[in-house]
Each structure stands twice: as structure tokens, then as C-alpha cells.
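Reading through the C-alpha cells given below for one structure.
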Amino acid sequence: MKTRIIILFSLLLCSLAMSAQKYVVNGRKDKTRVVEYHMVDGHWTYVKGARDIYVPKGYEFEAVAPVSKDTIVMPYEGKFYRVVFPDKELKLVDDMGKDSHLGFRNKLSNTVIGKWYATGRPAVIGLILSACALLALVVALFRENVPAMFRALFVASMCGISLLEVGAFLSLHTDAFWWVNPDDVGYLVAIMTLIPFSVTVAMQVFALKVYNMMGNYEGALNAIVKIILVIGIVLSFIFAIAVIMNFLFAACLLIGAGFLFSGMSYKDSAGNTIHSSALGTYKTDKYGNTTHIH
């Protein structure tokens, strides 16, 4: 009887070991934010009032069951924490023969391609391609017959940008444009990088129209160029919306500040001009004398 219990217990331990998965914290930043969770009725639940903490990059752990696509819980310093964005911030070390619950984008982001997109090189290449396309566009605007060399330069540059964005979308999604994200580089740098980004997006939106203006290629090449340009137009809208969302908080603050410090002016029965704002209310008479009222 004891032998059977030992065997069953051993099998149970083996099955639990086989169901576990090992991950390593592998976000783009040096640390990753995690949220404290605890088990309630067999389900992981957020601990109300608990403070979020940061786990250093490289921390390896064995996920605590139950594990799902959106809920991967780690043991850390005597407590349990859920990784907020597991698909972006974790790397599978050992799936123990089970589903890792991480998608295709996670696998791609941890390859050489994904790591390359996490650097500043794609942004530099995109900037060079945008400059080349802009040069060709300027020549086309002042030439009735566009030289074939400049048409090829524009088409190659815009198609290169589109293909660059396809790789970014597949590997890191909108996170590939971290250099325009205020959370990553600060608002000052993000505003500076927003300018060339906006120029590139504007050029992509009108790329198909400019290509038709310069003259189309023939046959299959024409179809391929148009398909790639259309893909670029679609992706440019997606990335533009993501960037706008990053600046939305700052935009709301600016609008709020504008309303706060803007005032209204009117004339009273005596002909004085009353100006009221968050800074106070002032009265200016017909001689130009200003008096603070309250």
C-alpha cells in the first residue's frame, strides 16, 4: 500500500513539473513593472491596495499555476506577482513540454530581428530613406518630366520604409517606435523625433498619389509597388494613432492649462473693461488704468 502511495505521489510531482514553464524577464528596459496577485477560489486575483514593484531584467522564474495567455505569475521575495505585459516582457526558457502561452510576436521579438528593432538602427535607416524620398519628391515638383533615376529613388525609398514597418509591426508592434514615446525618451526628445516621424507618415499617406504623378512602371512590377505602398499607408495610420496616444496625456494637460489661464473680457455699464482669468479679475477704465478687483 505504501509503495502504491509513493508511486502515485511521484507521478503527481512529475505531472506538476511537466506542467510548469520557466521564463526570464526580458523587457527592453532594465526593469519590468509587476503587480501583486494572490489566489482566490483557484484563480489569480489582484491584491487591492498593493504597491506595484519592479523586477530586474534577467530574473528567471518558474511560472506558478494556473497559467494563461494573459496571466503569468512569478514568485518574488516571498510574494506572487503578475507580469503586466507578458508577451512583451518575458522570454521562454523552458516550456516543459507544454504551451508557453506566449504568441508569435513574442518569439519573433526575442530573435535577432526583434533585438535589432529594439535598437536605434531602424530609425536611422528610416530617416535616411525618408530624406531620399523627400529629395526625389522636391525634384518631381519642379520638373515636368521626372528623370527615371528620381522615380526609382522615390519608389525604392518608400517601399523600403514600408517593408521596414512590416518587420517592426510583426516583431515589436508599435513598441518598435520607442524613440517617439515620451515614456521611453522623455517629452523633449520625443517632440524632436516626432518631426521626422510626422514627415515620413505624411509622405507615406500621399506615396501612391506621388507615384502615379511620377509615372507608373509596367506589368507585375507596377502591381508589386502599389501593394507595398498601400501596406505602408495602412501601417502609417496604425503607427500614427499609437504615437498620438502616447502624447495624448500631454495634449490634455496643455489644453487644460490653456483653459485655466485663458480669460474672458467684457464691458460693464460704466464702460470699463473687465478681464477675468485664473490669475484674478482686473478692471481697465477708459484711460487705460488697470485695477485688481479680486
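Summary of computed values
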quantity	calculated
Hey, Asp30 without any contact (Cβ under 8 Å) to a residue 24 or more places away in the chain and either touching a helix residue (DSSP H, G or I) at 6+ places or on another chain (Cβ under 6 Å) or among the charged types (D, E, K, R) (or both) or not	no
Candidates Leu164, Leu141, Leu129 - the one that is part of a helix (DSSP H, G or I), at negative phi and either at pLDDT below 90 or among the small types (Gly, Ala, Ser) (or both)	Leu141
Tally of residues being surrounded by 13 or more Cβ atoms within 10 Å (Cβ to Cβ) and over 24 Å from the mean Cα position of the chain (by Cα) across the stretch 129-164	17
Leu108 being at pLDDT 75 or above and either more than 26 Å from Asp184 (Cα to Cα) or surrounded by 15 or more Cβ atoms within 10 Å (Cβ to Cβ) (or both)	no
Elements of type helices (runs of 4 or more DSSP H) in the stretch 179-294, at least 2 residues being closer than 26 Å to Val124 by Cα and modelled with pLDDT under 80	182-205, 220-261
Some residue of the stretch 145-154 being in a helix (DSSP H, G or I) and in contact with a Pro (Cβ under 7 Å, 6 or more places away or on another chain)	no
Matching residues in the stretch 40-71 - criterion: being in contact (Cβ under 8 Å) with a residue 24 or more places away in the chain, surrounded by 13 or more Cβ atoms within 10 Å (Cβ to Cβ) and not in a loop (DSSP other than H, G, I, E, B)	Trp44, Ile53, Val55, Glu60, Phe61, Glu62
So Phe169, is it crowded, with 20+ Cβ neighbours inside 10 Å and in contact (Cβ under 8 Å) with a residue 60 or more places away in the chain	no
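The values are calculated or read from the model by the stated rules, or taken from the named source; none is laboratory data. Fair warning: this is a prediction, and the values are worked out from it, not measured in the lab. Cβ coordinates were reconstructed from backbone atoms using ideal geometry, including for glycine residues, and neighbour counts include every protein chain displayed.
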